[in-house]
Every structure is written in C-alpha cells, then in structure tokens.
Amino acid sequence: MAIRIRPAAHAEIEQAADVLEDAIGWAAERGFESWTPGSFRDPGAWGKGRLREAFDAGGLFLIERSGAIVGTLSLLPDDELFWPGAAPNGLYLHRFAIRRGTSGTGVGDAALAWCEEETRRRRRRFLRLDCLAANPGIRRYYERAGFEHRGDRVVNGMEFGLYEKDVGRS
C-alpha cells in the first residue's frame, strides 16, 4: 500500500478534524461507539484541544494516498492520562482514523506499520494505544494487528481498553 505519512501543518488541523468526524459517523452507522460527534470541529471541545496539543508537540500526522488526505493519527512520546507511570519505552497512538471510503484498502494496516517503524526509529520498544472498551470492532482490529490487551482504565467516566505491541521483537 503506497501511502505517505507526514506532519500536519497548522492550517491542516481542520483536515485532521474532518477525517475524525467522518470516522465518528462511520462508526455510528455500523453501531459502534466512538468519539462524541462534533468534538473535533467545535473550537472549544476536548477533541479540537487534543488535536492542537498533538500539533504543538509535533505529533499530529496526516496520511495521504495518491495526494489525497485519507487519514490522521497522533503519535506522542508519553501518555500519563491512560498509561500513568509507564516506563519511557513506548510511543502512544491516539486519534487514529481513516476515511470510510478508504476502509478495506490496507491504508490502516500500512499506517500501523509506519507507526511501528517510527517507534523503532525513535528507539522505543512498545507502541501503545487506548480505545473504547465498548467498541468490539476496534478492539478486534487492534488484536488482529498484533496488539495485546493490557487492561482497562476508566477516564472521565468512560472505560477504555489499553493495548500494547512489542515492536522490538519485529
């Protein structure tokens, strides 16, 4: 799968938000829980704030295929909210989303492979993430990709599944 993953420019935060909002609608149509609709477009909402934080940290990325933006992800060096006290040996994947029209084309798998390689490049051993515990579809996706469930954590009244992949073994 020929994709390009690159850091987002400040003016592209809205494009990342559009991808995430598209994913929210797609998950809802399939009956899966996801992020709150509008949380990435509303300037005062938590989602927009997280995108700005990721951008400021140099961790907001866009996924392109054939010159079109088809996905987004944030890759960050720490995550005290979901992984408090974790050793500094991992990178943390957040807000990973692919446009619904790209589903099933291998873009998501290629983006995860890029994240694994980036984790190794930064001399980290683990790629970690969280997802809604009540979303069986996304949990199966990460498990098929080789992530192992490491527990659940309640944050802001919501339960999340914590997943980790040892990329040092690859």
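The values are calculated or read from the model by the stated rules, or taken from the named source; none is laboratory data. Only a predicted model underlies this, so the values are computations on that prediction, with no experimental measurement involved. As a convention, Cβ positions derive from the backbone with ideal geometry for all residues, glycine included, and neighbour counts pool all protein chains shown.
If you filter the stretch 87-101 down to residues that are farther than 14 Å from Ala27 by Cα and at pLDDT below 95, you find that the one that is surrounded by the fewest Cβ atoms within 10 Å (Cβ to Cβ) is Pro88.
Conditions tested, residue by residue: (1) β-branched (Val, Ile, Thr); (2) part of a strand (DSSP E or B); (3) without any contact (Cβ under 8 Å) to a residue 24 or more places away in the chain; (4) crowded, with 18+ Cβ neighbours inside 10 Å.
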| residue | (1), (2), (3), (4) |
| --- | --- |
| Glu53 | no, no, yes, no |
| Leu81 | no, no, no, no |
| Thr105 | yes, no, no, no |
| Ala111 | no, no, no, yes |
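For the stretch 80-93, filtered to residues that are small (Gly, Ala, Ser) and on the phi < 0 side of the Ramachandran plot, the residue that is nearest to the chain's Cα centre (by Cα) is Gly90.
For every residue, the table says whether it meets (1) touching a residue at least 60 places away in the same chain (Cβ under 8 Å); (2) on the phi > 0 side of the Ramachandran plot; (3) not in a strand (DSSP E or B).
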site: Asp22; (1), (2), (3): yes, no, yes
site: Phe32; (1), (2), (3): yes, no, yes
site: Pro43; (1), (2), (3): no, no, yes
site: Lys48; (1), (2), (3): no, no, yes
site: Thr72; (1), (2), (3): yes, no, no
site: Asp78; (1), (2), (3): no, no, yes
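For Val155, state whether it is touching a residue at least 60 places away in the same chain (Cβ under 8 Å), closer than 17 Å to His94 by Cα and under 14 Å from the mean Cα position of the chain (by Cα). Considered against the rule, which asks whether it is touching a residue at least 60 places away in the same chain (Cβ under 8 Å), closer than 17 Å to His94 by Cα and under 14 Å from the mean Cα position of the chain (by Cα), Val155 comes out as no. In the stretch 134-157, the residue that is modelled with the highest pLDDT out of those that are aliphatic (A, V, I, L, M) and surrounded by 13 or more Cβ atoms within 10 Å (Cβ to Cβ) is Ala145.
Residues checked against (1) among the small types (Gly, Ala, Ser); (2) closer than 22 Å to Ala133 by Cα:
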{"position": "Gly25", "(1), (2)": "yes, yes"}
{"position": "Leu73", "(1), (2)": "no, yes"}
{"position": "Gly101", "(1), (2)": "yes, no"}
{"position": "Val107", "(1), (2)": "no, no"}
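When only residues in the stretch 134-152 that are in a loop (DSSP other than H, G, I, E, B) and within 15 Å of the chain's Cα centre (by Cα) count, which is nearest to Ala110 (Cα to Cα)? Among those that are in a loop (DSSP other than H, G, I, E, B) and within 15 Å of the chain's Cα centre (by Cα), it is Ala145.
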